[in-house]
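The values are calculated or read from the model by the stated rules, or taken from the named source; none is laboratory data. Since this is a predicted model, take the numbers as computed values, not measurements. Here the Cβ positions follow ideal geometry from the backbone for every residue, glycine too, while neighbour counts run over all protein chains shown.
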Ligand code: F3S
């Protein structure tokens, strides 16, 4: 019996990543760790993680603090918020390929497109994707579903990542006839396509196919369907124990493939069981040749077999040995192979090429560290980690920076949230950045400091909104003026001082009171976070002049003032900045005054008597006539007193004239 093992069988990149992250989290032993749903569609893996402390849950109310692992299928946006609101730490293992579908769907939904997901409506991945367009997607899984779709103007079609190409093509061809502006994204992941193609090729040439994977795993079921098309006998199993090995021995050729959630050890177990049963040399050879599966860019462990002056030969447990040429050994070209390694050394190597044309695998030790750095950076990209970048130089369109020993490019548009005209000022500076995009294979990394700034600003804004209190006095900087007020930056959020709240006295234009970049203390009058509106008051930070005046003045007081306005019915006298009183025409003089301008001019300084204060209306009535009357009264009293003491006989005309107070006197006195 000959056995063929399909390439790309077993864990896909996304599941392996989720598996590794979960392992690391469990090793930390830092409290409860839950997985929202089963981490992978494989009972043995679930059981093994369960023994290490991972608790699968269906709902958040089953938790008691700790971390929640989001599996590679991803979850709706609202669920992420629920986890955070429940004070749980979210460990996001969503496959980057699925994540990019989320982003696509969110973007097109926001732009008014109807989202169509080709997939199974109850599959967690599809449920998750739908949650990034407010659960408004049309989910199409059959031709009938596609036929029933209404006609639409704008349409964005995506696929469940594990669909078959055939299904996607068939359904998208029907769906697109229903729309005017149709955007089609084939979001089937490459790992799925590769696995399905390999399964198809093997199924074509064997007598029986064994598909290993969870019975509830969508991608394994699809492998079964594909295999069934090309091979008459196909078994879908989770473990080899489900099969009668006796029955298998009747086939000359057997093909094996496995779903994305099937770990290597389950595939190995299946092969070994079959091997033991048949004691078949060909099968053993198949195991030896196929168990260690390598591909370009892998880092694998090996043992040095021998070292020559030009190269190092390494056993990497692959069907062929690997060679490291001298120029791939170390960065220092003067180091010789024998300076570095000896027979029996265990080393890590990077796979440059599977076959050098003579059947050897081409390896490098020089690239291991660099590749690991790229892998770490890729991890930082996925986890959105903030990194430090040292700016090396300015180039056309941006900056070259070094992050953890690897060079990256920061486009000018991503240097800051503010416009940057002079890039030179960043040279030799260390900036906090996030990786915007990374391509490990092409050794390309794009950085952004703007995203970090935006997040910090957002955080600052959130804090500010949370801390705002009505009547609180806070500091800000005047940013811009308009005819109706001044906008003040309170630290990421702008508030408005309406022109009427700038000063207690009348203001023609905000520039009469403040200028851009002025630092000001303002009072919070009102705010509405939903409408992003904050009303501020500048005048409210000082006591109203009216209040100060009224607390210190009384009816009968004689006060000084300046004529500021002359009208037919009277004159307005400014007693303090912001406090004007009315001198009615009838109160200007004992003599008849036709109109105020006959005896007063704007700008005249006058003495006036307060004859009334109306606190409700904030009005002050003034009189000059009352002062004249008071003086006459005083004069009369003095005369009376003089007569009483018979001392008035010698009173001169000059004395009398001293007591004759005129309006002119009252003005000139001032
Ligand atoms: Fe991701 Fe594709 Fe696997 S979408 S989880 S790599 S099947």
- Message: Just the residues that are without any contact (Cβ under 8 Å) to a residue 40 or more places away in the chain and either surrounded by 20 or more Cβ atoms within 10 Å (Cβ to Cβ) or in a loop (DSSP other than H, G, I, E, B) (or both), please, taken from the range 596-624.
- Response: 596, 601, 602, 616, 617
- Filter result for residue 13 (at pLDDT 90 or above and either assigned by TED's automatic domain parsing to the domain that holds residue 378 or under 23 Å from residue 239 (Cα atoms) (or both)): no
- Message: Name the residue that is farthest from residue 393 (Cα to Cα), counting only residues in the range 462-472 that are surrounded by 12 or more Cβ atoms within 10 Å (Cβ to Cβ) and more than 13 Å from the chain's Cα centre (by Cα).
- Response: 468
- Message: Condition first: crowded, with 23+ Cβ neighbours inside 10 Å, without any contact (Cβ under 8 Å) to a residue 60 or more places away in the chain, outside the structural domain of residue 375 (by TED's automatic domain parsing) and more than 16 Å from the ligand (Cβ to nearest atom). Can you find one or more residues in the range 66-85 that meet it?
- Response: yes
- Query: Hey, among the residues in the range 13-50 that are without any contact (Cβ under 8 Å) to a residue 12 or more places away in the chain and within 14 Å of the ligand (Cβ to nearest atom), which one's surrounded by the fewest Cβ atoms within 10 Å (Cβ to Cβ)?
  - Reply: 20
- Query: Can you name the residue in the range 104-140 that is part of a loop (DSSP other than H, G, I, E, B) and touching a residue at least 60 places away in the same chain (Cβ under 8 Å) and, of all such residues, is farthest from residue 72 (Cα to Cα)?
  - Reply: 113
- Item | Check on residue 53, more than 17 Å from the chain's Cα centre (by Cα), in contact (Cβ under 8 Å) with a residue 24 or more places away in the chain, away from the ligand (no atom under 16 Å from the Cβ) and on the phi > 0 side of the Ramachandran plot | yes
- Message: So for the range 92-103 (the condition being modelled with pLDDT under 95, out of contact with any helix residue (DSSP H, G or I) (no Cβ under 7 Å at 6 or more places or on another chain), on the phi < 0 side of the Ramachandran plot and away from the ligand (no atom under 16 Å from the Cβ)), does at least one residue qualify?
- Response: no
- Please enumerate the residues belonging to the range 455-502 that are in contact with a helix residue (DSSP H, G or I) (Cβ under 7 Å, 6 or more places away or on another chain) and either closer than 30 Å to residue 387 by Cα or assigned to a helix (DSSP H, G or I) (or both). 490, 491, 492, 493, 499, 501
- Confirm whether residue 548 is under 25 Å from residue 601 (Cα atoms) and outside any strand (DSSP E or B). no
